[in-house]
Amino acid sequence: MEYVIYCDESVSSGKYYTDFFGGVLVRNQDFDNIREAVDEKKQELNLRGEIKWVKVTENYLDKYKQMMNLFFSFIKGGQLKVRIMFRETSQVPSNLSPEQVHNKYSLLYYQFVKNAFGLIYHDGPDDAPVYLRLYFDEIPYPLDQRAAFKSHILSLQRHSRFRKAHLKIRPDDIVEINSEKHSIQQCMDIVLGSMSFMLNRKNEVVPEGSAERGRRTIAKEKLFNHILQLIRESDDILLFDISKTTPIVISQDYWTMPYRHWKFMTSEFRTER
């Protein structure tokens with residue numbers, strides 16, 4: 001059994017919410033079928049090259065809605081799981097060492113991979129190894145630090161709860177990818193971008209010298225609202241709150257829920273307004 005997890009991050013200094021991390025998980029046996037379906041849909045819609053949140057415009061709004069319809073059909077069907085993690089900007093971590101501040105990206109990614117998907121509750125075989133293939137988009141570290149980052153992520157498999165759940169990570173399965181070649185990653189980027197956009201109230205921005213919002217801003221708001229409706233349908237949560245951690249009933253929900261948000265909070269922080 002293998003799970004592929006695409007990981008990406010966005011907005012490290014948002015006005016209201018910051019340090020956005022996103023991931024989409026797919027079982028190895030479903031991977032090729034989903035990838036081919038997404039690639040075919042892109043071709044059908046004549047979406048050449050990479051699709052991503054920053055490219056959303058009024059002219060492409062309907063096409064991006066169709067891409068999200070397909071993406072969320074796999075989420076609702078249980079073939080994909082999506083997780084979004086972020087912090088509230090006003091909650092500033094305290095008592096961090098200079099080394100922790102310097103390695104913030106690595107430390108947050110470690111927490112995201114370790115906890116966001118509820119991997120320790122996976123439904124794979126009880127005693128057979130379950131391998132994780134982790135695909136990261138453009139690790140923002142100098143070359144000499146990337147090996148340390150990968151070693152840090154690799155160390156997850158030594159965690160007691162990972163060992164108990166038979167979760168394993170092979171060194172060659174921590175990979176830095178070119179997102180232009182991975183359409184599943186691209187769809188997740190759109191969801192991640194939409195959450196950062198709305199949580200940081202960028203839908204309210206009016207260009208300087210204008211009396212009203214720009215067309216691209218309005219198109220992005222419409223796409224976000226479409227995505228929000230798809231989330232509610234996939235999770236059957238009519239009052240889904242994008243600014244809060246998605247509630248659970250039992251621990252297995254961390255794994256079984258198709259879509260979840262996690263507002264990450266450090267154990268110690270100071271509030272700045």
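The values are calculated or read from the model by the stated rules, or taken from the named source; none is laboratory data. The model shown is predicted, which means the values in this text are computed figures rather than measured ones. Using ideal geometry, Cβ is built from the backbone for each residue, glycine included, and neighbour counts are taken over all protein chains shown.
When the residues of region 60-93 are filtered to those that are in a helix (DSSP H, G or I) and not hydrophobic (A, V, I, L, M, F, W, C), which remaining residue is surrounded by the fewest Cβ atoms within 10 Å (Cβ to Cβ)? Only one residue tops the list, namely Asn69.
If the condition is being modelled with pLDDT of 90 or more, among the aromatic types (Phe, Trp, Tyr), outside any strand (DSSP E or B) and touching a strand residue (DSSP E or B) at 6+ places or on another chain (Cβ under 8 Å), then region 108-134 contributes Phe112, Phe117.
Considering every residue within region 120-131, establish whether at least one is farther than 23 Å from Asp19 by Cβ, touching a Gly at 6+ places or on another chain (Cβ under 7 Å) and of a type in the set (A, V, I, L, M, F, W, C). There is at least one residue in region 120-131 that is farther than 23 Å from Asp19 by Cβ, touching a Gly at 6+ places or on another chain (Cβ under 7 Å) and of a type in the set (A, V, I, L, M, F, W, C).
Within region 23-63, being out of contact with any helix residue (DSSP H, G or I) (no Cβ under 9 Å at 6 or more places or on another chain) and in contact (Cβ under 8 Å) with a residue 60 or more places away in the chain holds for one residue alone: Asn28. Of all residues in region 164-184, those that are of a type in the set (Ser, Thr, Tyr) have Cβ atoms under 6 Å from Cβ atoms of residues that are surrounded by 14 or more Cβ atoms within 10 Å (Cβ to Cβ) and outside any helix (DSSP H, G or I), 6 or more apart or on another chain, in Ser179/Asp137. When the residues of region 203-223 are narrowed to those that are touching a residue at least 12 places away in the same chain (Cβ under 8 Å) and in contact with a Gly (Cβ under 9 Å, 6 or more places away or on another chain), which ends up surrounded by the fewest Cβ atoms within 10 Å (Cβ to Cβ)? Result: Val205.
Here is a list: Phe112, Phe136, Phe197. Which entry is within 23 Å of Ser12 (Cα to Cα) and either touching a Gly at 6+ places or on another chain (Cβ under 7 Å) or without any contact (Cβ under 8 Å) to a residue 12 or more places away in the chain (or both)?
Testing whether each residue is within 23 Å of Ser12 (Cα to Cα) and either touching a Gly at 6+ places or on another chain (Cβ under 7 Å) or without any contact (Cβ under 8 Å) to a residue 12 or more places away in the chain (or both) leaves just Phe112.
For region 5-37, the tally of residues that are surrounded by 20 or more Cβ atoms within 10 Å (Cβ to Cβ), under 11 Å from Ile184 (Cα atoms) and not hydroxyl-bearing (Ser, Thr, Tyr) stands at 7. For region 40-59, taking the residues that are of a type in the set (Asp, Glu) and surrounded by fewer than 13 Cβ atoms within 10 Å (Cβ to Cβ), the one that is nearest to the chain's Cα centre (by Cα) is identified as Glu40. If you go through region 16-39, how many residues are outside any helix (DSSP H, G or I) and either over 18 Å from the mean Cα position of the chain (by Cα) or at negative phi (or both)? Looking only at that region, the number is 11.
Evaluation of Asp137 against the conditions (1) modelled with pLDDT under 90; (2) more than 24 Å from Ile227 (Cα to Cα); (3) surrounded by 12 or more Cβ atoms within 10 Å (Cβ to Cβ); (4) not polar (S, T, N, Q) shows that the sole unmet condition is (2).
Residues to consider are Ser160, Ser155, Ser179, Ser194; find the one that is of a type in the set (Gly, Ala, Ser) and buried (at least 22 other Cβ atoms within 10 Å of the Cβ). Matching residue, one of Ser160, Ser155, Ser179, Ser194: Ser194. The set of residues in region 227-249 that are crowded, with 18+ Cβ neighbours inside 10 Å and either assigned to a helix (DSSP H, G or I) or out of contact with any helix residue (DSSP H, G or I) (no Cβ under 8 Å at 6 or more places or on another chain) (or both) comprises Ile227, Leu230, Ile231, Ser234. Part of a helix (DSSP H, G or I) and not charged (D, E, K, R): is that true of Ile190 in this structure? For Ile190, the condition - part of a helix (DSSP H, G or I) and not charged (D, E, K, R) - is met.
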